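Student: Below is a structure I'd like to ask you about.
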Amino acid sequence: MHKEYEGYLIDLDGTMYNGNEKIEEAADFIDRLRDADKPFLFLTNNSTANPQTVTNKLQSVSDVKAYPEEVFTSTEATITYLHKMNAKRIYVIGEAGLLEGLQAEDFVLTDHEVDAVVVGLDSQVDYSQLEKATLLIQGGAAFIGTNPDTNLPTERGLVPGNGALIAFLEASTGQKATVIGKPEAIIMEAALAKIGLKKEDVLMVGDNYSTDIQAGIRNGVDTLLVLTGFTRKEDVENLPTPATHVMDTLEQWKV
């Protein structure tokens, strides 16, 4: 038997689906949480999609019924952070979810007199954008990364993630980015505030030890590592700090 948790923070890629490939146990897990009246948030480092797009994908790929208010993205956490630092003028590398989110909050997206450079995953990024970001950061703009994922699990295998873009710019500027997404405290504190629960009453569920599980470990939240995505079964015994719980699939977890 394990501790009973009042709420759940749940990763998406590798936990609810793998790219465009269904994870069979995902829908039943969410149904069991609803039946038990357990609040949850889908907590994702993905900055490329808005909450409605996320819920559409959950439904179409893994038959998971979800609502936009149940999704909290690294874009939303980044916006909260930008407001706190009073940044107004932003140079952005990123896709629609990040661009639309910033525009909806009335940030000025520009490459002149920039307060901050925000770097999210962009599968179409080119050298000129990276060059511009490098020069702006060298010129004094704050350097913010939406999330540190170096790779993303897909049906084709692990592909480059936003952490790879951040690493490029850290190398070219000699500066470290302020990273918003898991495993950092910024997104975890914002998610706990949104779900309205204390950290000791919440379980962080995910497949990636470096982001999902470290988010829990670093921030005092218990963790459930599911072996359906990034972290492999053969890796578990060598992890520096173990997850609170480890399961092959979500089917094994008793809500």
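Computed from the coordinates by the stated procedures, all read-outs in this text should not be read as laboratory data. Remember, it's a predicted structure, so these values are computed and weren't measured experimentally. Using ideal geometry, Cβ is built from the backbone for each residue, glycine included, and neighbour counts are taken over all protein chains shown.
Student: Give the order of 85, 188 when sorted by the count of other beta carbons within 10 angstrom, beginning with the fewest.
Tutor: Final ranking by Cβ density, sparse to dense: 85, 188.
Student: Same structure again: Provide the per-residue ³J(HN,Hα) series for the stretch 95-107, in order, calculated from phi with Karplus coefficients 6.51, -1.76, 1.60 and θ = phi - 60°, each as a whole number of Hz, with x at glycine and proline positions.
Tutor: Using θ = phi - 60°, the values come out as 9, 4, x, 6, 4, 5, x, 5, 5, 5, 9, 6, 6 Hz.
Student: Next question. Quick one: give the max-minus-min coordinate of the C-alpha atoms of the stretch 1-127 along each principal axis, largest first, in Å.
Tutor: If we take the Cα atoms of the stretch 1-127, the spans are 55, 30, 23 Å.
Student: Follow-up question, since we're still on this one. Placing +1 at every Lys and Arg Cβ and -1 at every Asp and Glu Cβ, with all other atoms neutral, what dipole size does the stretch 87-179 have around its Cα centre, in debye to the nearest 20? It would help to have the intermediate numbers written out before the result.
Tutor: On the way: 5 positive and 13 negative charges, 51 e Å.
With Lys and Arg at +1 and Asp and Glu at -1, about 240 debye.
Student: Separate question: For residue 104 and residue 126 in the same chain, what is the full-extension length gain: residue separation times 0.36 nm, less their Cα-Cα distance, in nm?
Tutor: Working: separation 22, 0.36 × 22 = 7.92 nm, distance 2.51 nm.
Going from the current span to full extension adds 5.4 nm.
Student: So if each residue of separation counts as 0.36 nm, and I subtract the Cα-Cα distance between residue 199 and residue 168, what length gain in nm does that give? Please list the in-between numbers first.
Tutor: Details: separation 31, 0.36 × 31 = 11.16 nm, distance 3.37 nm.
Here the segment from residue 199 to residue 168 would lengthen by 7.8 nm.
Student: Evaluate the charge dipole of the chain about its Cα centre and quote only its size in Debye, nearest 20, assuming +1 on the Cβ of each Lys and Arg and -1 on the Cβ of each Asp and Glu.
Tutor: 480
Student: I would also like to ask the following. Pick out, from 17, 51, 93, the residue whose Cα sits farthest towards the positive end of the charge dipole of the chain, with +1 on the Cβ of Lys and Arg and -1 on the Cβ of Asp and Glu.
Tutor: 93
Student: Can you tell which of 225, 5, 110 lies farthest toward the positive end of the dipole of the chain, using +1 and -1 charges on the Cβ of basic and acidic side chains (Lys, Arg; Asp, Glu)?
Tutor: So the residue we want is 110.
Student: Report the far tail of the P(r) of the stretch 87-179, meaning the percent of Cα-Cα pairs longer than 15 Å. Mind dumping the intermediate values first?
Tutor: Values: 2444 of 4278 pairs.
Here the long-distance tail beyond 15 Å is 57 percent of all Cα pairs in the stretch 87-179.
Student: A follow-up question, please. What is the set of long-range amide H partners of residue 42 at a cut-off below 5 Å, with H atoms built 1.01 Å from backbone N?
Tutor: Here 10, 71, 72 satisfy the definition.
Student: Please list, in order along the stretch 178-192, the HN-Hα scalar couplings obtained from phi with the Karplus expression 6.51 cos²θ - 1.76 cosθ + 1.60 (θ = phi - 60°), rounded to whole Hz, x for Gly and Pro.
Tutor: 7, 9, 8, x, 3, x, 6, 5, 4, 6, 5, 5, 5, 5, 5
Student: Let me see the P(r) profile for the chain: every Cα-Cα distance counted, bins of 10 Å, each bin given as a percent of all pairs.
Tutor: Going out from 0 Å in 10 Å bins, the chain shows 7, 32, 36, 19, 6, 0 percent.
Student: What nm distance separates the two modelled labels at residue 218 and residue 158, each placed 7 Å from Cα along Cα→Cβ?
Tutor: About 1.8 nm, to one decimal.
Student: Sort 38-48, 12-22, 233-243, 131-141 for me by packing, meaning the mean count of neighbouring Cβ atoms within 10 Å per residue, highest on top.
Tutor: Output ranking for 38-48, 12-22, 233-243, 131-141: 38-48, 12-22, 131-141, 233-243.
Student: Can you sort 218, 232 by how many other beta carbons sit within 10 Å, fewest first?
Tutor: Ordered by Cβ neighbours within 10 Å, fewest first: 232, 218.
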